[in-house]
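**Q** Just dropping this structure here.
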Amino acid sequence: RVAVKASGVTIGTSTCCSFKLSIPGVAAPVTLGRNGGLLETARLPSTGEYSLFVDPQGMDAGSATLQIYSVPEDVTASIAPGGAPVSVGVSSLGQDAAVSFAGLAGQRVSLKVSGVTIGTSTCCSARVSIAKPDGSALVTPTLFGRNGSFVDAKLLPASGTYTILVDPQGADVGSATLQLYDVAPDLTGSLTVGGAPASLTFSTPGQNAALTFAGAAGQRVSIRATGVTVGPSTCCSVSMLIRKPDGA
């Protein structure tokens, strides 16, 4: 398994899109620019001599420094919904981490990513995704960084083995801690306009609440939330909306 890093680029003026880099027959072209970047990990199919193809775009000219890396196999681990957190670390450019879990059809899970040391960006040094047992996406790749991330509750469509993939971007390496939650059913209940308040207690990250009330055409209503202990933020730990009878 090999990956190729491009740095010191003077080709063209674009930071992203002045040349293409590929390994013909092995790794499809990736478009890079003055910021450099990575031709992601590819597995060589046979022993022999391979070529790196550098293709400046349009009239662009200049130079680039290429470094090729031998990439270890991806890090693997397992995790359980509702179980202990799992820390995974990648030490080599181009290496990913694949964390599997057993899921049941109809189960809901959410995912917290914390303790991130991958790269230096607060938002964008890695991607996290979740694949279903058939390999298709349950959660498409989502960027995160040193600030961590949260994947909201997802309904598992089938029983089987799901895979959480942590994919550091570019040359970034480091570690992250994953915690997978078995999300309890959403809270339900009812309110009466002008009546008594309802108290809600959320037990699992990703759990929501849906309260119904009877309304009349032309009636005006407002809603007030008090006694909030959800999260540490003074402004932004909960969102609320009201849906019409048709669901809009």
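The values are calculated or read from the model by the stated rules, or taken from the named source; none is laboratory data. The model shown is predicted, which means the values in this text are computed figures rather than measured ones. Methodologically, a virtual Cβ is constructed for each residue, glycine included, from the backbone with ideal geometry; neighbour enumeration extends over all protein chains shown. Surface accessibility is based on the protein's heavy atoms, side chains included, excluding ligands, DNA and RNA. Shrake-Rupley method; radii C 1.70, N 1.55, O 1.52, S 1.80 Å.
**Q** Sort through SER203, SER199, SER222 and tell me the only one that's closer than 28 Å to ALA84 by Cβ and of a type in the set (Gly, Ala, Ser).
**A** Working: SER199 fails: closer than 28 Å to ALA84 by Cβ; SER222 fails: closer than 28 Å to ALA84 by Cβ.
SER203 is the lone residue from the list that is closer than 28 Å to ALA84 by Cβ and of a type in the set (Gly, Ala, Ser).
**Q** Which strands (runs of 3 or more DSSP E) does the range 4-50 wholly contain that include 1 or more residues that are in contact with a strand residue (DSSP E or B) (Cβ under 8 Å, 6 or more places away or on another chain) and open to solvent by less than 10 Å² (accessible area, probe 1.4 Å)?
**A** Where strands (runs of 3 or more DSSP E) fall fully within the range 4-50 and carry at least 1 residues being in contact with a strand residue (DSSP E or B) (Cβ under 8 Å, 6 or more places away or on another chain) and open to solvent by less than 10 Å² (accessible area, probe 1.4 Å), they are 19-23, 37-42.
**Q** Right, something else. Filter the range 191-248 for residues that are in a strand (DSSP E or B) and not hydroxyl-bearing (Ser, Thr, Tyr); which is farthest from the chain's Cα centre (by Cα)?
**A** Only one residue fits best here, namely LEU211.
**Q** Residue by residue through the range 190-237, note down the ones that are free of Cβ contacts under 8 Å to residues at least 40 places away in the same chain and at positive phi.
**A** GLY194, GLY218, GLY227, GLY231
**Q** Could you list all residues from the range 156-172 that are within 15 Å of SER91 (Cβ to Cβ), part of a strand (DSSP E or B) and of a type in the set (A, V, I, L, M)?
**A** VAL166
**Q** Let me ask something additional. Go through (1) among the hydroxyl-bearing types (Ser, Thr, Tyr); (2) buried (at least 17 other Cβ atoms within 10 Å of the Cβ); (3) out of contact with any strand residue (DSSP E or B) (no Cβ under 6 Å at 6 or more places or on another chain) and name the single condition SER149 misses.
**A** Failing condition for SER149: (3).
**Q** Got a number for residues in the range 90-119 being open to solvent by 20 Å² or more (accessible area, probe 1.4 Å) and either touching a His at 6+ places or on another chain (Cβ under 9 Å) or at pLDDT 95 or above (or both)?
**A** 13
**Q** Tell me whether the range 215-229 contains one or more residues that are surrounded by 12 or more Cβ atoms within 10 Å (Cβ to Cβ), at pLDDT 95 or above and in contact with a Phe, Trp or Tyr (Cβ under 9 Å, 6 or more places away or on another chain).
**A** Looking for residues that are surrounded by 12 or more Cβ atoms within 10 Å (Cβ to Cβ), at pLDDT 95 or above and in contact with a Phe, Trp or Tyr (Cβ under 9 Å, 6 or more places away or on another chain), one finds none in the range 215-229, hence no.
**Q** Just one of SER175, SER237, SER190 is within 22 Å of GLN95 (Cα to Cα) and either modelled with pLDDT under 95 or in contact with a Ser or Thr (Cβ under 9 Å, 6 or more places away or on another chain) (or both); which is it?
**A** None of the others qualify; the one that does is SER175.
**Q** I've got another one for you. Could you grab me the full set of residues in the range 78-117 that are among the aliphatic types (A, V, I, L, M), within 12 Å of GLY174 (Cβ to Cβ) and outside any strand (DSSP E or B)?
**A** Of everything in the range 78-117, those that are among the aliphatic types (A, V, I, L, M), within 12 Å of GLY174 (Cβ to Cβ) and outside any strand (DSSP E or B) turn out to be LEU93, VAL116.
**Q** A further question on this structure: Please name all residue pairs, on different chains or six or more residues apart, with Cβ atoms under 7 Å, provided the first residue is in the range 29-55 and is closer than 15 Å to VAL71 by Cβ and in contact (Cβ under 8 Å) with a residue 12 or more places away in the chain and the second residue is of a type in the set (D, E, K, R) and not in a loop (DSSP other than H, G, I, E, B).
**A** LEU38/LYS5
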